[in-house]
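Novice: I'd like to ask some things about the structure below.
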Number of protein chains: 2
Amino acid sequence: MAPTAYPRIAGLSADYLAKQLRDFRAGTRNNPLMRPMASRLSDAEIAAISTYYAALPIPAPVAEPPARDVTKTAAELARWGDWSGRGLPGCGQCHGPDGNGIGSGFPGISGQQASYIEAQLQAWKTGVRANDPMGLMKAVADRLTDVEIHALAAYYNARPGAPPTPAGKTLSPSVKDEPVPARQLDSGDVPHHGPPPAGRTVSAARYFEPPSRDAMPGGPLGNAILQGQAIFDSTNTHPLSSKYVGNRQTCGNCHLDAGRRPGSAPLWAAWVAYPAYRTKDDEINTYIERIQGCFRYSMNAQASVHGGPPAAHSETMTSLVAYSYWLAKGALTGDLRMPGRGYVRLKETSRGFDPGRGAAVYAAKCALCHGEDGAGVAHADGRTLFPPLWGAGSYNWGAGMHRVDTAAAFIKHNMPLGVSGVLSDQEAWDVAAFVNSHERPQDPRHRGDLALTTSEFHASKFDYYGKRKGPDGRMLGER
Amino acid sequence: MAPTAYPRIAGLSADYLAKQLRDFRAGTRNNPLMRPMASRLSDAEIAAISTYYAALPIPAPVAEPPARDVTKTAAELARWGDWSGRGLPGCGQCHGPDGNGIGSGFPGISGQQASYIEAQLQAWKTGVRANDPMGLMKAVADRLTDVEIHALAAYYNARPGAPPTPAGKTLSPSVKDEPVPARQLDSGDVPHHGPPPAGRTVSAARYFEPPSRDAMPGGPLGNAILQGQAIFDSTNTHPLSSKYVGNRQTCGNCHLDAGRRPGSAPLWAAWVAYPAYRTKDDEINTYIERIQGCFRYSMNAQASVHGGPPAAHSETMTSLVAYSYWLAKGALTGDLRMPGRGYVRLKETSRGFDPGRGAAVYAAKCALCHGEDGAGVAHADGRTLFPPLWGAGSYNWGAGMHRVDTAAAFIKHNMPLGVSGVLSDQEAWDVAAFVNSHERPQDPRHRGDLALTTSEFHASKFDYYGKRKGPDGRMLGER
C-alpha cells in the first residue's frame, strides 16, 4: 500500500464505515469528493459496501517508524496523553492500546495513511469535520500542536493494523448518530480545589506536579516504579496483579492519568496523607492497607484467584508503593490540604438525583464507551478498555464509587474522558444515580443479613444498597 | 520530712554516698560544712556510715507537686530533655525514669529536697561542684535555665523516693573515681551533615524540625502516634511490642531522642526515603519492611516470644508507622539529602582501630552506664535503662551497629549521652572495635556455615564476624 492521501478502509468497523457514508450523504461529514458518491447510495448499499470493506484483509504497514524522538513524543501521547498539562487523554484510551479501534465509535488508526490522519486531525481542529460524538475529536485535536499531529500521524501509520475490538452491547443508531454539542465549561461549577478543567491550560502552580515519566530513576527502585505503573494501568491483566482482581477494573479506572490527575484521587496526595484513621474499618490504615482496601472493594478481590488483596510484602504491593512514593516526590509529608486531593465534592442540586433521568444521560453520553449494559469493553486479551460500571465486572457495594455523591463528583469532573465539563451538575448527579441503581458484587462486609449490612454500612442517602430495587425488581444488595 | 537545704540521704546508693564522703574528705567535692567532718573519717567508717544510711527507709514525700505549667515543663525535661534544641538528655535517662537513681553513678533525685537539688544544679553550673563523671552534670546544668532548674527541683521533690536500680557489674573504684575532664569539642570533626554537637545551640534552619510533642493531633491517629512513641521508647517491655523483641534493646537506643535526633538515624529522614532498594536483602523495602528489619537484627526478634517481627497490619506496626509519619510532617517526600539523615560517617584515622586500645576507653567512659560486662542496666520491671552492647541482650550480628565503622560514627556523635564530643575520633574507632569484638546473638541469615555467612554478609574490613576470636578464644559468630 503506497502512501497516499486516501485512507485505508479495509478492515475498519462496518458500523463505523456505514456511519461515515451516511454522514457524507447527509453532509454532516463534509467532503467534496465523497458527498456526490455517497448521496447516491441507499441504506442497503451502504450496509453492503461497509460489510465488504470491513471484511477485507488489512495490509501490512509499509511505512518506516519515524525518527526516535518523533516516536517518543507520539508514543507518550498515544499512551498517556498529557492530562496534567492539557487534560488530553491518550489516543489509545479510546482507539485502543494497539490503535486498532474499539467498536463502531472509535475507528482503527494503526496502519492508517499518515497524510489522512494528519488531515483529519487538522479538520477536527478547524471544525471542517465535526461528526464525532460529544465533540471528542475536536477537544483532542484542539490541544495538539501541529508538530504533535505530524508525529502521531507518522507513528500510527507505521503500526500494524488489525481488526477493531468489538464493543459491548451495540447502541441503537438513534443514540449513536445524534451529535451532542460540547457545552462550554462553566467554571463556576469547579470548586476551589477542583481538577483542571479539560481543555484549559492550568497554571502549574495550582496543583502539585508529580515528576515526569522521563524522570524515573534507574536501578532496582526505578524498575519497581515502572512495574508499579504497569500494574496500576492494567491491574486485572498484569501478571503480578491479575490474581488479586475479581472483576474487570484497574487502579487507573478511578485514578485517572495513572494516578496523576488532580481531582481523581491522585496518588501524590494520597501518599502523604497516610497512615490515617478510616471510619470504614475503624482503624488506622497504613498506605498499604489503603491499597488493600482498593483491591477488596473497587477490585472485588474476594472473587479473584487469590481470594483477597496482595500481601504487604508481595512484589505487587511493593511495586504499587514504589510507584505512589515516586509520584509524590517533593510533596510535603502530612499535607492534607493539597489542591486536587481525593475526589472533588459536587454540590447537591435542587432537583436531587434520579436514575430515571440519568438513564437518558447515560444513553446519550456514556453508553458509547461503557455499553448500554454497563459492562464496558475488554480487549481480546482481557485488558479493560472501558471499565464496567455495574454487574459482575464492576466495583462492589463496598467501594467508594457505589455512592451516588462520590460517583457524581467523579463523573462531573472527569467524564466523558477528554471532554469533562459537557455534563451539567444535574446530569452528573442523575447519571451517577442511574449507574449506581444497578446490581453489582456484594459488599465483602456483608454477613448474610441485608438489613444489618444496610444499617451498618449503607445508611447514607446517597447509597441505594438495601434501599432500592434494581432493574430486575430485586432489592439491591440481595444477590 | 520538713523542707530544708539539707539533702535526704536515707536510701541513696551506699557506693554513691561513700564516694561523696571520700570526695568531701579529699576536697574534690568542696563543702565547708562537710569537709571538716569527712576529713576525720576512715575508709571503714565511710563504708559503715554509707551502708547505714543506704539501708534507712525513704521518707514519703511531703512536698506538693508544683503548679501545672511548672510540672509540664519539668516532666518534659525529665523524660525527654531537649535534644534538638540543646543536646540536653532527659534527667530520667541517667537517673532512671522514676528518678530514683541507677547504680552508684547516678543518685536518686526523687523525694530529694528541692532547695538541695536546685543548689547542686547551680553548683555544677558555676563549677563549685565538679566531682561528676565526664563532666556530665556540668554539661547538663549549663544548658538549663534558672527557671527550669527551679521547676525540676520542685518536680523531683514531690515525687516518691525509692531505692535505686542496681547497676550491672560494678566498676573498679579506680575507674569510678577518676575524673575525666570534658574535652573541648573540635568542630572540625563534625562533617557537614553531622548532628548538632551537644552543648551548642544549633541553628534551627540547619536540620528539619519534627513537630513538637505538644503538637500531636487528637483522635484515633493521635492515639496511634502516642502509642507508637511509647513503643519506640520501651520496645522490649511495652505490652504491644515486647513479644517481638528477643533482647534488651529499644528503638530509642539507636534512634536517640525517640527518633528525633539528627545524625542518629532520625525517623523523619527515614520516612521520606522509603520504599528503597537495600542490598541487605536485595529487595525493595517498604518502610514497614525496614522496621521489620530493625526487629530482626537490632532487636533479635527470632529469640522473642513471637519468634519474629510484628506483621505489617499489627497494631504495633501501625503505631510505629503513625509515629514515624508524624515526625516527618512537613518533610519532602523522596528527599534523600536531608541533613542529619542516618548516621554520620566517621573518617578513618591513620592508626586504624583496635579493641585493645578501645578497652581502656570503654572502662573510662562507657562502663559507667553500660557496665564492665557490656550488659547494660535494666529496671526491676525489665525496662532497659542502659542498653546492653554485647552478649545475649544486645543487637545481633546482622544489625548495622555490629559494624565497627557504623558504631564508631554513632559513638563519636552521640556518646556519652549528653557529653558527646568528649571522645576523639580515634577513641570512638577504638571503643567501637572493642564493643564489636564481643560475641552477640547470631546473624539470622546464618545457615550453619560460618565461612559462608562470613563471605556472604560479613566481608567488610569493619566487621569482626567470622574473622576474629572473642575474649573467650572462640571465633566470633561461632555460637
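The values are calculated or read from the model by the stated rules, or taken from the named source; none is laboratory data. Everything numeric here is computed off the predicted structure, so don't read it as measured data. All Cβ positions, glycine included, derive from the backbone under ideal geometry; neighbour counts span all protein chains shown. We work out accessible area using only protein heavy atoms, side chains counted, and drop any ligands, DNA or RNA first. Shrake-Rupley method; radii C 1.70, N 1.55, O 1.52, S 1.80 Å.
Novice: Can you give the helix-only mean residue ellipticity at 222 nm for the protein assembly as shown, where every DSSP H stretch with n ≥ 4 adds -39500 (n - 2.57) and the sum goes over all residues, rounded to the nearest 500 deg cm²/dmol?
Specialist: Values: 42 runs with 370 residues, N = 958.
Helices in the protein assembly as shown give a 222 nm mean residue ellipticity of -11000 deg cm²/dmol.
Novice: For a quick size check, give me the Cα extents of the stretch A:434-479 along its three principal axes, largest first, whole Å.
Specialist: 24, 21, 14
Novice: If you don't mind, there's one more thing I want to ask. Given A:P61, A:T73, A:V128, which one lies farthest toward the positive end of the charge dipole of the stretch A:14-166, if we put +1 on the Cβ of every Lys and Arg and -1 on the Cβ of every Asp and Glu?
Specialist: A:V128
Novice: Now for a different question. Counting only protein heavy atoms and using a 1.4 Å probe, what share of the accessible area of the protein assembly as shown belongs to carbon plus sulfur, as a whole percent?
Specialist: Summing carbon and sulfur atoms, their accessible area is 57 percent of the total for the protein assembly as shown.
Novice: Put a label point 7 Å from Cα along the Cβ direction on B:R345, then list its distances to the equivalent points in the other copies in nm, shortest first.
Specialist: Result, one decimal in nm: 5.1.
Novice: Next question. Would you mind getting the Kirkwood hydrodynamic radius of the protein assembly as shown from its Cα pairs, rounded to one decimal in Å?
Specialist: 32.4
Novice: Continuing with the same structure: Based on the alpha carbon coordinates of the stretch A:213-327, what radius of gyration and maximum Cα-Cα distance (Dmax) apply, in Å?
Specialist: Looking at the stretch A:213-327, its Cα Rg and Dmax stand at 13.3, 40 Å.
Novice: Please name whichever of B:A451, B:A408, B:G470 sits farthest to the positive end of the charge dipole of the stretch B:353-479, dipole taken about the Cα centre and charges placed at Cβ: Lys and Arg +1, Asp and Glu -1.
Specialist: B:A451
Novice: What gaps in nm, shortest first, separate B:P57 from its twins in the other copies when you place the label 7 Å past Cα toward the beta carbon?
Specialist: 10.8
Novice: Taking the Cα centroid of the stretch A:357-436 and of the stretch A:236-269, what is the distance between the two, rounded to the nearest whole Å?
Specialist: 16
Novice: Next question. Before I look further, what does chain A give for accessible area per residue, probe 1.4 Å, in whole square angstrom?
Specialist: Solvent-accessible surface per residue comes out at 41 Å².
Novice: If each label sits 7 angstrom from Cα along the C-beta direction, how far apart, in nm, is B:D281 from its counterparts in the other copies?
Specialist: Once sorted, the set of distances for B:D281 reads 2.0 nm.
Novice: Expressed as a rounded percentage, what relative contact order does the stretch A:213-327 have, with Cα pairs under 8 Å and six or more residues apart?
Specialist: Once normalised by length, the contact order is 34 percent.
Novice: A further question on this structure: Tell me which of A:I49, A:V361, A:G87 sits at the most positive position along the dipole axis of chain A, charges placed on C-beta atoms (Lys, Arg +1; Asp, Glu -1).
Specialist: The residue sitting most towards the positive pole is A:V361.
Novice: For chain B, the longest stretch holding no GluC sites (Glu not before Pro) located in a DSSP loop with at most 16 other Cβ atoms within 10 Å is which?
Specialist: B:1-347
Novice: What is the calculated FRET efficiency for A:L33 to A:A392, with r their C-beta to C-beta distance and R₀ = 35 Å, to the nearest 0.05?
Specialist: 0.15
Novice: Right, another one. Given a 1.4 Å probe, show me the residues in the stretch B:264-282 buried by at least 30 Å² of accessible surface when comparing the whole protein assembly to the chain alone.
Specialist: Residues losing area: B:W271, B:P275, B:Y277.
Novice: List every DSSP H helix in chain B whose Cα atoms extend 20 Å or more along the helix's own long axis and whose mean Kyte-Doolittle hydropathy is at least 0.0.
Specialist: Membrane-span-like by this criterion, though nothing is claimed about a membrane: B:219-233.
Novice: Using Stokes-Einstein with the Kirkwood hydrodynamic radius over Cα pairs, what translational diffusion coefficient do you get for chain A at 20 °C and a viscosity of 1.002 mPa s, in µm²/s rounded to a whole number? Mind dumping the intermediate values first?
Specialist: On the way: Rh = 23.3 Å.
Estimated diffusion coefficient is 92 µm²/s.
Novice: Further question on the same structure: Quote the charge dipole size of the stretch B:217-327 about the Cα centre in Debye, to the nearest 20; the model charges only the Cβ of Lys and Arg (+1) and of Asp and Glu (-1).
Specialist: 200
Novice: What residue of chain A sits with its beta carbon nearest the rotation axis taking A to B, and at what distance in whole Å?
Specialist: Output: A:A312, 2.
Novice: To continue, here is another question. Put one equal scatterer on each alpha carbon of the stretch A:14-166, apply the Debye formula with no solvent term, and list log10 I(q)/I(0) at q = 0.14, 0.16 1/Å to two decimals.
Specialist: Summing over Cα pairs of the stretch A:14-166 leads to -0.70, -0.92.
Novice: Compute log10 of I(q)/I(0) for the stretch A:73-124 with the Debye formula, placing one identical point scatterer on every Cα and leaving out solvent, at q = 0.12, 0.15, 0.20 Å⁻¹, to two decimals.
Specialist: Cα-only, vacuum Debye calculation for the stretch A:73-124: -0.26, -0.41, -0.74.
Novice: Which sequence of A:L56, B:L17 reflects their accessible areas, 1.4 Å probe, from the largest down?
Specialist: Values: A:L56 55, B:L17 20 Å².
The most accessible residue leads, giving A:L56, B:L17.
Novice: So if the hydrodynamic radius of the stretch A:329-479 is defined as the Kirkwood radius over C-alpha pairs, what does Stokes-Einstein give as its diffusion coefficient at 10 °C and 1.306 mPa s, in µm² per second?
Specialist: 97
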